[in-house]
Amino acid sequence: MKDYKKLVDETLFFIAQKGWTINENSFYDSLAIFLGEKLDMAYVLIDKVGEEEGSVETITFYANGEIKTNISYPLQNTPCENVVGKNLCVYSDNIQKLFPEDDMLVPLKAESYIGIPLWDSEGKAIGLIALLDTKPITNASAIETILQIVAVRVAHEIERNNYEQALLNKNKELERQNKELEQFTYIASHDLQEPLRTLTSMNQLFQSEFKGRLDERADTYLKFINESAKRMQMLVKGLLDYSKIGKLDNFAEVDCNQVVKEVLADISLTINESKAKITIEDLPVVWGYKTELRQLFQNLIVNAMKFMDKDIIPEIRISATEREKDWLFSVKDNGIGIDENDKEKIFVIFRRLHDRSKYEGTGIGLSNCKKIVELHNGNIWVESVLGNGSTFLFTISKV
Ligand code: ADP
């Protein structure tokens, strides 16, 4: 073996240089090659504790200058059994005689073995590094030092990978649960429509058939039933629309000028009634879901006209600013404004700040807007002073 001090320096340099590897396998593989070559050992195995109890699996398996396919093996009757969760072990020669039941040693023609356990930061056994050779080991103490240096780094890397994997699994699980919840919302709101339709039509039938035969009180009750059923229908329809956001395959280049123009045409009656003055600045062409973007602009413009003191003519300005990674849109009104404490609440589904008798609505519009904006990798928020108008701002990612 080379000069011992030089080897320690080279090991430290290797660890420092490979400290920020992006590709985890390149770290383990290159470390195994480094150890194999520098320590002149035929085999280097970096193992982590396997899923099956009492077994380990290789993260990298270096054999005679090459990285081989990973394997897993039971620890029982192998020299590794004395290492994992235990101590550094050195068997300088005659390894096959010492572990006659280890059926890997013969095909490897192994003669000697040195292994070091790997521990995580909480002291849990997470694996080992094992070196084997076809000749006796003569410089065990130098190899031990090198292994002690690299073991800490490898253990950290394994621990980090385990955390990353756990996080990935958690994200996948959350994604699955989210999909399940969306599916549930869709099915529930879809299936609720039918009995509701029956309820309203039966109610209407009942009212027309028994007209004049019921007293005033009964008529009032029926009227309430009818109104509630209609409102329930509106809520269920809103929920169904909410669950459908992003489900249509309509991702394309969207000219926002065109979209807003179409929205204004659709709601021209309301605009004329309120005499609203709507100013539209030059808007960009973005990549997005056209139907959803249309719904987004419509919800914000309708709200801007709706949440207005009587006798005040709505003034609405729609504009956009280009930024490095996204477009920042704003819909500004001169309406009733929103209290500081309510600025986040209003984006929660079914949350409303006013009585229905004053401002009609379901409380679904802004949660739709939030879902649509998030579908475009953006954010939505409001800037407002109570009594002094609101500006809804949202971003649409350029990517
Ligand atoms: P809806 O309009 O059906 O009530 P939204 O989800 O669209 O439901 O809005 C939630 C609440 O946010 C509204 O009930 C209202 O209190 C408030 N809000 C929304 N837009 C404005 C606005 N432009 N000005 C003032 N308040 C608003």
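The values are calculated or read from the model by the stated rules, or taken from the named source; none is laboratory data. Keep in mind the model is a prediction, meaning the values are calculated, not measured. Positions of Cβ are generated from backbone atoms using ideal geometry, with glycine treated the same way; all protein chains shown enter the neighbour counts. Surface accessibility is based on the protein's heavy atoms, side chains included, excluding ligands, DNA and RNA. Shrake-Rupley method; radii C 1.70, N 1.55, O 1.52, S 1.80 Å.
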At 1.4 Å probe size, put 354, 156, 376, 190 in order of accessible surface, largest to smallest. 156, 190, 354, 376
Taking Cα atoms only, helix 365-375 is inclined relative to the longest principal axis of the chain by an angle, in degrees rounded to 10, of 30 degrees
Name the residue farthest towards the positive end of the dipole of segment 160-258 from the options 200, 186, 252, assuming +1 on Cβ of Lys and Arg, -1 on Cβ of Asp and Glu, about the Cα centre. 200
Average projected area [Cα convex hull, segment 81-189], square nanometres: 10.2 nm²
Assign unit charges at the C-beta atoms only (+1 for Lys and Arg, -1 for Asp and Glu), then state the dipole size of segment 246-399 relative to its Cα centre in Debye, rounded to the nearest 20. 320 debye
Mean residue ellipticity at 222 nm from the helices of the chain, using -39,500 (n - 2.57) per DSSP H segment of n ≥ 4 over the full residue count, to the nearest 500 deg cm²/dmol? -15500 deg cm²/dmol
Would you work out the relative contact order for segment 246-399, in percent, from Cα pairs under 8 angstrom that are 6 or more residues apart? 24 percent
For the chain, the spread of Cα positions along each principal axis, largest first, Å: 106, 53, 36
Rounding to the nearest 10 and keeping the result within 0 to 90°, find how far the Cα-based axis of helix 4-17 lies from the longest principal axis of the chain. 10 degrees
Links exceeding 21 Å between C-alpha atoms in this model, out of 179/244; 172/237; 6/48, come to 172/237; 6/48
Report the semi-axes of the equivalent ellipsoid for segment 218-263 in whole Å, largest first, where each axis is √(5λ) for an eigenvalue λ of the Cα gyration tensor. 37, 14, 5
Reduced Cα scattering model of segment 4-169, Debye log10 I(q)/I(0), q = 0.12, 0.15, 0.20 Å⁻¹: -0.49, -0.78, -1.45
Length gain on complete extension for the stretch residue 273 to residue 352, per 0.36 nm per residue less the alpha carbon to alpha carbon distance? 26.0 nm
Averaging over every viewing direction, what projected area does the convex hull of the Cα atoms of segment 287-347 cover, in nm²? 5.4 nm²
Which loop GluC sites (Glu not before Pro) in segment 122-172, with loop taken from DSSP, have no more than 12 other Cβ atoms within 10 angstrom of their Cβ? 122
Log entry: pair-distance distribution for segment 319-399, C-alpha pairs binned every 5 Å from zero, whole % per bin is 3, 15, 21, 25, 19, 10, 5, 1, 0
Calculate the spin-label point distance for residue 312 paired with residue 174, positioning each point 7 Å from the Cα along the beta-carbon direction, and give it in nanometres. 3.9 nm
Signed unit charges on C-beta, dipole axis of the chain, positive-most listed residue 117, 167, 140: 167
What nm value, rounded to one decimal, do you get for the distance between residue 345 and residue 391 when each label is placed 7 Å out toward the C-beta? 2.5 nm
Given C-alpha coordinates of segment 246-399, what is the ratio Rg to Rh with the Kirkwood estimate of Rh? 0.94
First compute the accessible area of segment 85-196 with a 1.4 Å probe, then give the percent of it belonging to carbon and sulfur atoms. 56 percent
Per-residue counts of other Cβ atoms within 10 Å, averaged by peptide: what ranking do you get for 299-310, 240-251, highest first? 299-310, 240-251
